[in-house]
Amino acid sequence: GTIRRVDYTPPPFLIETVDLDVVLSPEAANVVSRLAVRRNAGAASKPADLVLDGKKMDLVSVRLDGRPVDHQVTPETLTIRGVPDSFTLEIATRSRPQDNTELTGLYKSRELFCTQCEAEGFRRITYFLDRPDVMARYTTRIVADKSLTPVLLSNGNLIDSGPLDGGRHFATWEDPFPKPSYLFALVAGSLDCLEDRFTTRSGREVALRIYVRPGDVPRCEHAMESLKKSMKWDEDVYGLEYDLDTFMIVAIDDFNMGAMENKGLNVFNSKLVLANPETATDLDYHSIEAVIGHEYFHNWTGNRVTCRDWFQLSLKEGLTVLRDQQFSADMGSAADARIDDVRRLRAAQFPEDAGPMAHPVRPDSYIEINNFYTATVYQKGAEVVRMMHTLLGPDRFRKGMDLYFQRHDGQAVTCDDFASAMEDSSGVDLAQFRLWYAQAGTPDLKVEGSYDAAARRYTMTVAQSLRPTPGQPDKKPMHIPLSVGLLDGAGRDLPLKLAGEATAGGTTRVLDVRNPRDVFVFEDVPEKPVASLLRGFSAPVKLEAPRSQEELTFLMAHDSDPFARWEAGQQLGARLILDLVEARKAGKPMVVSDLFVDAIRRTLDDQRLDRSFIADAVTLPGLAFLGELMPSIDIEGLWAAQQRVRSVLSDQLADRWSSVYDAAHGSGPYRFTPEEVGRRRLRSTALAYLSTDKGEAARRRAVEYFEKAGNMTEQVAGLAVLAELGSAEGEAALASFWERWKGEPLVLDKWFGIQARTPTAGTLERVERLVEHPSYDRKNPNRVYSLVGAFASGNPVQFHAAGGRGYRFLADQVLATDKLNPQIAARLLSPLGSWRRYDGERQTLMKRELTRIVQEKGLSRDVYEIASKSLS
Ligand code: ARG
Ligand code: ZN
């Protein structure tokens, strides 16, 4: 059934302490749980019975205060009849981790026992009040065979360990901090570890340990460096220190998501831990740093202060994503980092906000909570917190964070509590702003400007609107921080003075847009300015402003705000591509304006720009973003137009691409620094432009690049270009890559991914063959995402190819995966949900597959929710 936010009630019982005894063997996991339970004085009702959550395990016994007790078991509950106000419950259960293919609860990844409890996995380990507002202190004793399972880990501090009879041993862990069950973790198996230390600023000595499969320790250094940087950064920027004596990370090969912030024992997908230059790309290095930071930062924003209920998920995720974004910006180039954030938001979140699953940052209802770990809750949630940061300014924002921790440390709270802390500490009124938590959809912002030379006055008119989304037909106007600047004819920032102000204050101002239509008047403006709008992407909106190509080109060359500067180029490119789509439809030639080519040329020639910014600026807007700008997505048209622009740029700037390519030649060992990453990015980008004509010279160059690559970053860049070129060279490169890397699962994922993303014809047939490949493994989430996910979400051209075979393929894969791992199946499914955004024929074909899925017997709740909501 549907769970609703408004139905929240405090738990009728609380659990003070949990004593777990976990005995692991190859056949089963036997768990004995001793719970100290008492009635919650703050609860509205006083029920006679205690109802615990639990599923997919066998109840062995249950005793209340040492005696048998009247109880009843259903597939998802255990009810204890007639309980007193305070008592001890002892529950014995048994489960089979080796058969758990859902990878939630206690399961096995190869020979390793591990857990994933967020959101509702703990109930698969033992019966419990499995909700985040029940916070308990945990003691966990693990018993297992010593030779098969030498390492036994859980949350907190190790308080006891030793040998037992029969070749077994045990370890007891105690976590002094009360925590919700979703933060529980247990890992047991054969693991090596990289160890280091960190001294907190108040002098606590923390042992840092990263556990990996034997042999992988040399690939942990970057993760360890990232962890130490994260710990230091959180002290420096937020004054937040680590609070236990050990911090552990375990890398797991079979993991549904990226990573998990379990108290003191983070569990990670191995692709977000393991790195060396031979096997990991710059993007991997970057993601590892960001996600290690993210999970570490959760220790305060998530663990010390947690969520009252799952509707508040963005309380911890939005805030923690913002914190990891700030961390990334501080570790590398801030401009790049912001461009990255926005690209990701537009590619993943904007389509979600425009589709059938559109939901507020704080959802109102769900069928399966796992379906709400979304780009909206995470990325848009981060934008919402960032807007508060913008409205308050850094100092008042920090004071707000301090107040938040002062008020709520040790509590399970709501998004409203967070906004209140910000409001109370700063005096900034956030009443209207809170609508960002409640209203789904991406606001449209129309901005127009006019200059009155006689009055030296510039008037900016801002109109906002928000389209209906499922369940929200009528929307209220939002409070939108709009950051703007005005440029003079030489491209310099003008000082800004709003009507009514005595003096000018700064060259970038944040306008408070609050009404359907707002007017802002700037005074003492000496000449007709060019407006720089939405600087830093100050709000997650779609901006529409009638600006000429000349104005955009001007901003592209001069805007002092790097985001706005990049954005001007993207707008210019987007407009050009959309015009070409129209031309193509009308049977007219697709003409690329010289203005655009010149602008790209000037960017390439601008000596003041760093290479990563240039690479960003000469990369054309992506198909997902462009599609969102069209009333109905014409994917073939978009692809043809984008290719046309690419080939014109390739032709007309051939000399530039060559010289950029040559100049960005590297030397020396691999280093992960902003300069080196930028250099490699720009060089790969130039290579791709140089390869658009698919000629002999291009093929030779790409082969050389691929073969001489000194690191995985260049190797995959070369391979992707060769795969797109097709031809014998492409096949040979794929074959040699396979031969070289068949023993490295994380690298093989890249091999599958590149093939699945190749936008040329024949890809679907190849992908269909690859699901039969001996190395394809439907039980491994990374492998499934790298092939099926990459094809459906990362290759719109071939996924949406006429005829609907891509849709049928995806539906088949979803149904097959659902039997093993519903969470993964539901995630794969989402591209079909956007059917309304396509033409009539594709709509029919996509709906047909969704219908076939909904009608399947024994469908999981996860897939059912996405498929049925997509159709309704
Ligand atoms: N809290 C984790 C994070 O850092 C995500 C875990 C989600 N897992 C799940 N099965 N829904 O973002
Ligand atoms: Zn998170």
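A few remarks follow.
- For Ser147 and Ala28, the FRET efficiency from 1/(1 + (r/R0)^6), where r spans their Cβ atoms and R0 equals 22 Å, is about 0.75.
- Spacing of the modelled spin labels on Lys588 and Asp165, each 7 Å from Cα toward Cβ, amounts to 9.0 nm.
- Lysines with Cα under 21 Å of Lys528, excluding same-chain neighbours fewer than 8 positions away: Lys446, Lys497
- Options Val521, Ala539, Thr508, ranked by Cα towards positive dipole end of region 492-544, top entry (Cβ charges): Ala539
- Gain upon complete extension [Thr503, Ala761; 0.36 nm per residue less C-alpha separation]: 86.7 nm
- Accessible surface, 1.4 Å probe, highest first, among residues Thr692, Thr140, Thr503, Thr2: Thr503, Thr2, Thr692, Thr140
- Listed peptides 777-787, 74-84, 88-98 by packing density, highest first (mean Cβ within 10 Å): 777-787, 88-98, 74-84
- Protein heavy-atom accessible surface, 1.4 Å probe, per residue over region 1-84: 52 Å².
- Per-residue ellipticity at 222 nm computed for the chain from its helices equals -12000 deg cm²/dmol, with DSSP H segments shorter than 4 residues left out and the rest contributing -39,500 (n - 2.57).
- 0 to 90° range, to nearest 10: angle between helix 415-426 axis and the chain longest Cα axis: 60
- Computed with a 1.4 Å probe on the full set of protein chains, the accessible area for Ile3 sits at about 80 Å².
- Accessible-area rank, largest first, for Glu772, Glu118, Glu501: Glu772, Glu501, Glu118, with all protein chains present and a 1.4 angstrom probe.
- Using a probe of 1.4 Å, the accessible surface attributed to Asp395 totals some 110 Å² when neighbouring protein chains are kept in position.
- Proximal charge balance of Asp364 [Cβ under 10 Å; K/R count +1, D/E count -1]: +3
- Legend: Rg and Dmax of region 220-356, from Cα coordinates, 15.1, 46 Å.
- Charge tally in the Cβ shell below 15 Å around Ile3, where Lys, Arg are +1 and Asp, Glu are -1, Ile3 excluded: -3
- Neighbours of Leu435 by Cβ distance under 9 Å: Lys/Arg scored +1, Asp/Glu scored -1, total +3.
- When the Cα gyration tensor is reduced to axis lengths a ≥ b ≥ c, the ratio a/c is 1.5 or higher for region 206-283, and with a/b above b/c it is classed as prolate.
- Shown are Lys476, Lys847, Lys55, whose ranking by accessible area with a 1.4 Å probe and every protein chain present, most to least, is Lys476, Lys847, Lys55.
- Measuring with a 1.4 angstrom probe and ignoring ligands and nucleic acids, Trp657 comes out at about 0 Å² accessible.
- Between the Cα long axis of helix 282-297 and the first principal axis of the chain there is an angle of about 50°, rounded to the nearest 10.
- Taking the centroid of alpha carbons for each part, region 234-297 and region 547-561 are 39 Å apart.
- Working ranking of peptides 323-330, 563-570, 238-245 by packing, defined as the average number of other Cβ atoms within 10 Å per residue, highest first, is 563-570, 323-330, 238-245.
- Within the accessible area of the chain (1.4 Å probe), percent carbon and sulfur: 50
The values are calculated or read from the model by the stated rules, or taken from the named source; none is laboratory data. This one's a predicted model, so the numbers in the text were calculated from it and none came from an experiment. All Cβ positions, glycine included, derive from the backbone under ideal geometry; neighbour counts span all protein chains shown. These area figures cover heavy atoms from the full protein model, side chains too; ligands, DNA and RNA do not enter into them. Shrake-Rupley method; radii C 1.70, N 1.55, O 1.52, S 1.80 Å.
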